[in-house]
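The values are calculated or read from the model by the stated rules, or taken from the named source; none is laboratory data. All values reported here derive from a predicted model rather than from experimental measurement. Heads up, the Cβs are rebuilt from the backbone with ideal geometry, glycines too, and the neighbour counts pull from every protein chain shown.
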Amino acid sequence: MNNNDAPNTKNQSATTLAAGTQDSHTYLRKTYLSLGSNLGDRCGNLLLGVKELIKLDEGLQISRVYETKPAGGPAGQSNYYNAAVSLETSLHPRDILSYVNSIEHAAKRVRQERFGPRTLDVDILIMDGVLMSDGDLTIPHPRMHERAFVLAPLCDLVNVAELKIFTAIHPEFKTASWRDVLGLAEADNGIEVLPDVSIDPR
């Protein structure tokens, strides 16, 4: 995928879906996405995803990389590498979904079974001012609040207590850490930071 494949973020309007309102003005929205891989070159797959997402925002921020145990799905899966990114974009959520789907396709992801292994998974977690549920797209992500492999890298980028749309749905995160909410000890070995793994191509 070359630079021309990235959606044009200039002069595009974003839709404000929170509270049922719409805003036709161009507005850069802080957007958080998660990335995960447990097939093939896990680090290389995450790096591919980040390289494509940087085309939306050169100032994109990247979390540390974590190794996590599979959550659900078929037995015998390899551990995942997980990360999160934050970027600013004026793209409509549907346009972002189409773009991340194209990134997964470039990583040769094959969808065979629910929660099955994958070369690359890219999910939209939260968009500033966006609350929506429309078929295959729900923002905030409907299961992020129960997933350590999402929350750990996300918390490298932001204090989730400050994400107003998220905490309006899940108020328990206003006053407790994600580990406390999920009942995980600080030394829980189901998720491990990989300090020597970098997926920042810059």
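Assorted remarks:
- The requirement of being within 22 Å of residue 182 (Cβ to Cβ), touching a Ser or Thr at 6+ places or on another chain (Cβ under 7 Å) and crowded, with 17+ Cβ neighbours inside 10 Å is satisfied by residue 82.
- In a residue-by-residue description of region 88-96, the property of being within 20 Å of residue 199 (Cβ to Cβ), at pLDDT 95 or above and either surrounded by fewer than 17 Cβ atoms within 10 Å (Cβ to Cβ) or not polar (S, T, N, Q) (or both) applies to at least one position.
- Single unsatisfied condition, residue 153 versus (1) surrounded by fewer than 17 Cβ atoms within 10 Å (Cβ to Cβ); (2) at pLDDT 95 or above: (1)
- Residue 128 meets the conditions (1) of a type in the set (Asp, Glu); (2) in contact with a Phe, Trp or Tyr (Cβ under 9 Å, 6 or more places away or on another chain); (3) over 25 Å from residue 173 (Cα atoms) in every case but one. The failed one is (3).
- Qualifying positions in region 145-179 - of a type in the set (Asp, Glu), free of Cβ contacts under 8 Å to residues at least 60 places away in the same chain and either more than 17 Å from residue 69 (Cα to Cα) or in a loop (DSSP other than H, G, I, E, B) (or both): 162, 172
- Any hit, region 180-196, residues being within 25 Å of residue 29 (Cα to Cα), without any contact (Cβ under 8 Å) to a residue 60 or more places away in the chain and in a helix (DSSP H, G or I): no
- Residue match in region 72-83 (condition: modelled with pLDDT of 95 or more and either over 19 Å from residue 47 (Cα atoms) or among the aliphatic types (A, V, I, L, M) (or both)): yes
- Contacts under 7 angstrom Cβ, first residue in region 126-140 being farther than 15 Å from residue 87 by Cα, partner surrounded by 14 or more Cβ atoms within 10 Å (Cβ to Cβ) and among the polar types (S, T, N, Q), 6 or more apart: 132/138
- Within the option set 136, 128, 123, being over 13 Å from the mean Cα position of the chain (by Cα), among the charged types (D, E, K, R) and surrounded by 15 or more Cβ atoms within 10 Å (Cβ to Cβ) holds for one residue only, 128.
Residues checked against (1) within 22 Å of residue 60 (Cβ to Cβ); (2) of a type in the set (S, T, N, Q):
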position	(1), (2)
98	yes, yes
147	yes, no
151	yes, no
170	no, no
197	yes, no
